[in-house]
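What follows is one structure encoded as structure tokens, with my remarks underneath.
What follows draws every value from the coordinates through simple rules; no lab data is involved. Note that the coordinates shown come from a computational prediction; the quantities given were computed from them, not determined experimentally. Heads up, the Cβs are rebuilt from the backbone with ideal geometry, glycines too, and the neighbour counts pull from every protein chain shown.
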Amino acid sequence: MLKPRLWCIGAAVFAIAIDVQAGAQIYEPMAANVRAGLVAAITDKHAPRHGYANSADAVAWLTEMSERLDRRIPDFRVRLDFLRTLDYEATRTGIDTQIVLAVIQVESNFRKYAVSGAGARGFMQVMPFWVDHIGRNGDNLFDMRTNLRFGCVILKHYLDMEKGNWTRALARYNGSLGKPGYPDLVFRSLRSNWHYDRQSRSTQSAA
């Protein structure tokens, strides 16, 4: 009688493999200056509170994204904390928050404790080897902020490697360079679920 109950508890506490399009970033040797740059990017530094012209635009974005996420992250406070953290980490890294939302949907479907068959972890399905190379002892990839920070920094690293080519950067992130399937899924998710016109919101606010 205890075995099924213990299994359920274990499944809730520990991550289990899920049927999502999570791949596995592949470790590629990097120059010392590139590694140093990634280490610096992981550490705390000043960043804007949000990527909007004013607080009203930030609230408008937060409200709309919260509504879009309510079925995937039902707890209101958890959802707001997730969105604020995600926008902060994407903004400080210099990538589009909406694309990161699409990546997370495809990678983990917003499951904090997701684990892929290859061992990638958390919302953004970060491979553990990144902690060894650019992180610190004790970095937990199931921690929300840690996972989002690593994921955004890694995604920006690949985007820089590919000189702004999002298709190739996304394929690198998924470990499927040369195959269009994963980038197409992310772009489809972006168009269908996460597109947001920041400029339009700013114009309306200024009117």
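Worth pointing out:
- For K112, the aspartates and glutamates whose Cα falls under 20 Å of its own Cα, not counting residues fewer than eight places away in the same chain, are D19, E67, D70, D75, D81, D87, E89, D139, D143.
- Stretch gain in nm, segment K163-D132, where the contour uses 0.36 nm per residue and the Cα spacing is subtracted: 8.6 nm
- Cα gyration tensor, the stretch 86-141 - rounded (a/c under 1.5), prolate or oblate: oblate
- Estimated at 0.36 nm per residue, the fully extended path between R191 and K112 surpasses their Cα-Cα distance by 26.1 nm.
- Spin-label proximity, E64 to the stretch 167-192 - amide N less than 15 Å from point 7 Å beyond Cα toward beta carbon: 190-192
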